[in-house]
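These notes concern the structure reproduced below.
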Amino acid sequence: MIDRARKENLKVILVQREFDTKNAKAIANEIGAEIKIIDPACGSGAFPIGMLQIMLSIYERLDTRLDHYKTKLAIIKNNIFGIDIEPMAVEISRLRTWLSLVVDSVIKPSEKNKGIEELPNLDFKFICANSLISLEREEGLFDNKQMAEQMQAMRDRYFKTNSLRIKDKMKRDFEEILKRNQSMFVSQKQKQLLTYHPFDADNVCSFFDGDFMFGVPVFDVVIANPPYIEFKRLPAADKSRYKNYRSAIGKYDIYVLFIEMGCRLLKNGGTLVFINPTTFMKKDFGSGIRDYLASQCSIKTIQDFADIQVFESAMNYTGIFIFSKTPGKKKSFYYHKFKNVGRSIKCDELHKSILANDSDIFKDIMFLKTEDLGGDVWNFQDAKTQLLIDKIMDSAKPLSEHSEAIFEGIASGKDEVFYVDKDQIKELALERKIVLPLLKGKDVKAYSLNWAGYHVIYPYSQDSKVIPEKIMQAEYSNVYKYLVKNRELLAGRGYFEDSGKLWYELWNQRKLSNFRKLRIVVPEISEKNNFALTDKFLGNTKTYHIILRNQTEENYLYFLGLLNSQLIEYYYKKHSTPHAGGFYAYKTQFLGGIPIKELDSTARGAFVRYVKEVVERLADSKNKNNVEVQELLGKINGMVMDLYELTKEDREIVQAT
């Protein structure tokens, strides 16, 4: 291993550009041969080739006369590795690597092959495999030193072999090694090893093991832009296989498993660099990976791009995360929070801003400590903002303690069949008793509803039990005929068919009794707080509903005013998950945490009167910008800020956002 002092010496040489060339080259070559970099979701190979170019640029600073082809070849052989589960992606990664070599070839028409060097074999460099599944650790094949040495010798020889005859023989030798040791295979490990065929372009190996496949047990750098796949889109078999991950909590997204796997691949002191969504920092499913990272790593940098769409193909809020594998060590780090400046950011501006450790027009920087990080929400704020949030939360009770239930609207599983408009109802003469008015998220505004006229076919009794098919035919014949006509569409719900439900049911009907109660409703995704009251409408999955413990109209009006206030909106946006385009998620996890304080009876009476008058006036959409309505909203906002004891400076911060 290279000692730290020599590594620091090289760092000084590269940064200050003051060095003895001969000495610097020796150190660089020694370190260069040792550094191991892997992308476990390499796709088309952009990141590995990017690392190739970075390492090449370092060598160029040491020797401007270096042979680019030979230097690149050495980096490819010794330093970079890639894994992907898609065979075509692996083929493209290999092609990209070859092209990076070809561009430096000098064409010499009179020489053999026009002077172009033979290209290396990359079958052992970019491998098609499931990087989330590890090789079982059982005694047997490839656990002994002799076998490991044989495999390494084969990898090294195959990399530079250009004879088809020798390559074919080596492929046979490789398969022979597997067959020869079949008697040593043990249970699951045997099955796994038999799926490894690196020379088969269409084969997907069922596992990944760096030591077995590359002769590299741990890596210095793990870099990736992992796939983003929601839990509901994962096959059941995959969910079962991934249970051993500490980050496999709740309805996780697969990218959190890649973060944990990436950390496992690192040597102590190694660095993980990922581009992935920021949602794990705040959402419930992220508690597992947050806890894992807090115990195994220290944060070096987080670049949070917020609602700026830096990556065209990524519709999520994304960021760049840099972690160091240092179990037990806690360090301070820079948190870069980018902000929407009302225009697109040019590539050179973005690049400059990312590298800067100072706030600029595109971002705010916070220097934070990691001591308190764990499984709880990672909600990074500057000191001034944190003081204000602490004041808002002081002596307040969360909304969840005031609520009987906070729940999502019904899930049909096939909206285009179950959701019908007024014209369809009239044309088909659908029986109104089980065709009920439905709110969509976009129908809900602050203090008011703007219903688009949709209904939902709700084939359930008042106690939310499914109506038997014979009764559907007899008593709701037109609805039944409509459903039968669309049965083929309903049959496309694969997950549904394994649930035991009848073919014409909703995926989740919720409790009808809850929709008959007075309650607060809010759109699931919204650019601002838009809370309204209803006791009439059902809601789809794009709505969330709050039933209070104290179900008087007066209490609902009081809570409605609080929830729509500037102050609570400010707090909410600091704690919830942002979405592209400046929208926020209004879900149970975040709604339940809203801090609620109580006005005294006298002030409360006036507050409720103001809220009631706003509701009544906004029942007519023409009054939205009415002067009297705006004055009432101003009074409501002022009373809420008084209730939470905000200073003049605090109010300016809230109003500025």
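The values are calculated or read from the model by the stated rules, or taken from the named source; none is laboratory data. Remember, it's a predicted structure, so these values are computed and weren't measured experimentally. Positions of Cβ are generated from backbone atoms using ideal geometry, with glycine treated the same way; all protein chains shown enter the neighbour counts. We work out accessible area using only protein heavy atoms, side chains counted, and drop any ligands, DNA or RNA first. Shrake-Rupley method; radii C 1.70, N 1.55, O 1.52, S 1.80 Å.
Report, by chain and number, residues whose modeled amide H sits under 5 Å from the one on GLY270, excluding near sequence neighbours (fewer than 5 apart, same chain).
Answer set, sorted by chain and number: LYS325.
What number comes out for the charge environment of ARG165, summing +1 per Lys or Arg and -1 per Asp or Glu over other residues with Cβ under 14 Å away? Walk me through the numbers before you get to the answer.
Details: positive: ARG157, LYS167, LYS169, LYS171, ARG172; negative: ASP168, ASP173.
Surrounding charge for ARG165 is +3.
Kindly state, as a whole number, the per residue volume in cubic angstrom of the convex hull around the alpha carbon atoms of region 184-263. List each step's numbers first, then the result.
Working: hull volume 11.0 nm³, N = 80.
Taking the convex hull of the Cα positions in region 184-263, it is 138 Å³ per residue.
Would you kindly find the accessible area of GLU628, with a 1.4 Å probe and non-protein molecules such as ligands, DNA and RNA excluded, rounding to the nearest 10 Å²?
For GLU628, solvent-accessible area is about 80 Å².
Can you tell me the 0 to 90 degree angle between the C-alpha axis of helix 68-78 and the longest principal axis of the chain, rounded to 10?
70
Sorting check: for 530-541, 122-133, which peptide has the highest mean count of neighbouring beta carbons within 10 Å, and how do the rest follow?
Highest mean packing first, the order is 122-133, 530-541.
Students often get this wrong, so try it: which of (1) 38.7, 149; (2) 30.6, 98; (3) 24.6, 85 is Rg and Dmax of the Cα atoms in Å as calculated from the structure shown?
After the calculation, the listed value that fits is (2).
From the helices alone, meaning DSSP H stretches of at least four residues, give me the mean residue ellipticity at 222 nm for the chain, per-run term -39500 (n - 2.57), in deg cm²/dmol to the nearest 500. Numbers along the way, then the final one.
Details: 28 runs with 276 residues, N = 657.
That calculation yields -12500 deg cm²/dmol at 222 nm.
Round to the nearest 10 and give me the degree value, 0 to 90, for the angle of helix 46-62's Cα axis relative to the longest principal axis of the chain.
Roughly 50 degrees, rounded to the nearest 10.
Helix 627-643: angle to the longest alpha-carbon principal axis of the chain, degrees 0 to 90, nearest 10?
Result, in degrees: 70.
Heads up, I need the accessible area for ILE345: 1.4 angstrom probe, whole protein in place, Å², nearest 10.
It works out to around 40 Å².
If DNA, RNA and ligands are ignored and the probe is 1.4 Å, what is the ranking of LEU293, LEU599 by accessible area, most exposed first? Could you put the intermediate results ahead of the total?
Values: LEU293 5, LEU599 30 Å².
Ranking LEU293, LEU599 by accessible area, largest first, yields LEU599, LEU293.
Over 23 Å between Cα atoms: which of LYS72/LYS108; LYS243/LYS283; LYS426/LYS485; LYS426/LYS511; LYS331/LYS391; LYS114/LYS160 fall into that group?
Numbers: LYS72/LYS108 20 Å; LYS243/LYS283 19 Å; LYS426/LYS485 17 Å; LYS426/LYS511 27 Å; LYS331/LYS391 27 Å; LYS114/LYS160 19 Å.
Violating the 23 Å limit, Cα to Cα: LYS426/LYS511; LYS331/LYS391.
Quick one: net charge around ILE389, please, counting Lys, Arg +1 and Asp, Glu -1 for every other residue with C-beta under 12 Å from its C-beta.
Details: positive: LYS384, LYS391, LYS573, LYS574; negative: ASP382, ASP390, ASP394, ASP650.
Residues near ILE389 contribute 0 overall.
Using a 1.4 Å probe over the heavy atoms of the protein chains, calculate the carbon and sulfur portion of the accessible area of the chain as a whole percent. Provide the component values of the computation, followed by the final result.
Details: 16480 of 32560 Å².
On the chain, the fraction of accessible area on carbon and sulfur atoms equals 51 percent.
If you count only protein heavy atoms with a 1.4 Å probe, what accessible area per residue comes out for the chain, rounded to a whole Å²?
Values: 32560 Å² over 657 residues.
Value for the chain: 50 Å² per residue.
What does the accessible area of ARG604 come to, in Å² to the nearest 10, when a probe of 1.4 Å is used?
Approximately 30 Å² for this residue.
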